[in-house]
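A quick write-up on the structure given underneath.
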Amino acid sequence: MAYHWGGSSACINSDRKVMQKKLLHEIGGNAMLSMVYGKVRKSKKKDKTSNEVEIFTFESITAAANNFSAANKLGEGGFGPVYKGTLRDRQEVAIKRLSKSSGQGLTEFKNEAKLMAKLQHNNLVKLLGFCIQRDERILVYEYLSNKSLDFYLFDSTRKNLLDWEKRLNIIGGIAQGLLYLHKYSRLKVIHRDLKAGNILLDEEMNPKISDFGLARIFGPRVSEEKTNRVIGTYGYMAPEYAICGVVSIKTDVFSFGVLLLEILSGKKNRCRYHLDRQLNLIGYAWQLWNEGRALELVDPALNELSTQNEVLRCIHIGLLCVQYQATDRPTMLDIVSFLSNDTIQLPQPQQPAFFNNGVADESVLPYSKQEHYSLNDVTISNIYGR
């Protein structure tokens, strides 16, 4: 849905304010919101909250991003391109602009703005403001200088910058962020698109979960829901979600388990390993675990022998997260405890998802659904029946 204005500038400004007020009402919550025209305006209220969200004009965003020049472009996802920008107060920001051809639209825009205006945690990326003007939909985030986790993890040279201490810190930070979303935030949130590309890294390589356009809000007493709209990224989806559309906190736990195995191995789950048996990463990890060779999964860039026990424990936790049955998987509260207290005895993992008789079993997906999943880490946000 696009919005267009015509007539005098006074009418344009009036309609724009009506649209912005409507959006602010839909976002709701306790976040303070201040109107910004051309520059960042400081709140007049003395006790300004740290999660204040601001509204920017398109002109101020264009100026900050140098007219959306190619030199300012940081990357592109399912929502659209992301640009680096500099506001008039010299603050660096990441500007996420909805692509005209994006499958995501106003619903996802409002969903992300609503969520991020209300959520605040050290391991979640911080929303600074947004812009909705004419047919433009833009989100403005804090700028994180070290890009996303996949930029390092799957590059043969850059992965060497991720030593064991950094990887363990990233694992722990992601777990803390998910625990906040599932249990301790004002909203019970299921992310639904947790992957390496949606983990941003700050200047100290601390992780921040990003991209909440596909997130789902649960009521306090709701444990799971069924949806006819399956959205997410191939390789990270839990089987009950991919096949039946069942969403729960265990959906994110499965994705976390895949991500954990990727961080440990430096390999992507969707690739194939073991020449004879064509295993995906989950299947390969399961085979090595059962053969007592789990350490062979570990990225060769990690050569600290003193970390073997920690690494084995993390592999164990990862396999618990990707078990086929959602009820067998731990909660994020369990996982944080497992990671922080090595005296807690872990249960033995059961058979993982998409693994059947020694082969990574993707045939469990009905043909009509298989065609909708991305094979190249691109988020799928609109799924329709044939």
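The values are calculated or read from the model by the stated rules, or taken from the named source; none is laboratory data. Computed from a predicted structure; not experimentally measured. Every residue, glycine as well, gets a Cβ built from its backbone with ideal geometry; the counts of neighbours run over all protein chains shown. The accessibility values were calculated without ligands, DNA or RNA, using every heavy atom of the protein model including side chains. Shrake-Rupley method; radii C 1.70, N 1.55, O 1.52, S 1.80 Å.
Sorting check: for 248-255, 210-217, which peptide has the highest mean count of neighbouring beta carbons within 10 Å, and how do the rest follow?
Highest mean packing first, the order is 248-255, 210-217.
Decide, for region 129-210, between rounded, prolate and oblate: order the square roots of the alpha carbon gyration tensor eigenvalues as a ≥ b ≥ c, take rounded if a/c falls under 1.5, and otherwise choose prolate if a/b is larger than b/c, else oblate.
Judged from the Cα gyration tensor, region 129-210 comes out oblate (a/c at least 1.5, b/c at or above a/b).
What number comes out for the charge environment of Leu162, summing +1 per Lys or Arg and -1 per Asp or Glu over other residues with Cβ under 11 Å away?
0
Ignoring any ligand, DNA or RNA, what whole percent of the accessible area of region 144-188 comes from carbon and sulfur when the probe is 1.4 angstrom?
47
Gain in length, Ile243 to Glu76, computed as 0.36 nm per residue apart minus the alpha-carbon separation, to one decimal in nm?
Stretched fully, the Ile243-Glu76 segment lengthens by 57.3 nm.
Tally Lys/Arg at +1 and Asp/Glu at -1 over every other residue whose Cβ is under 12 Å from the Cβ of Arg329; what's the total?
-3
So how do 166-176, 286-296 stack up, highest first, on mean other-Cβ count within 10 Å?
Taking the mean over residues of other Cβ atoms within 10 Å, the ranking is 166-176, 286-296.
Determine the dipole magnitude for region 227-304: charges of +1 sit on the beta-carbon of Lys and Arg, -1 on that of Asp and Glu, nothing else is charged, the reference point is the Cα centre, and the result goes in debye to the nearest 20.
Dipole size: approximately 300 debye.
Just how much of Asp342 is accessible, in Å², when a 1.4 Å probe is used and the result is rounded to the nearest 10?
120
Too long at a 28 Å Cα-Cα cut-off: which of Lys126/Lys183; Lys100/Lys166; Lys110/Lys147; Lys114/Lys208; Lys114/Lys267?
Beyond 28 Å: Lys100/Lys166; Lys114/Lys267.
Let me check I've understood the local charge: for Asn146, count other residues with C-beta under 9 angstrom from its C-beta, Lys and Arg +1, Asp and Glu -1. What total comes out?
-2
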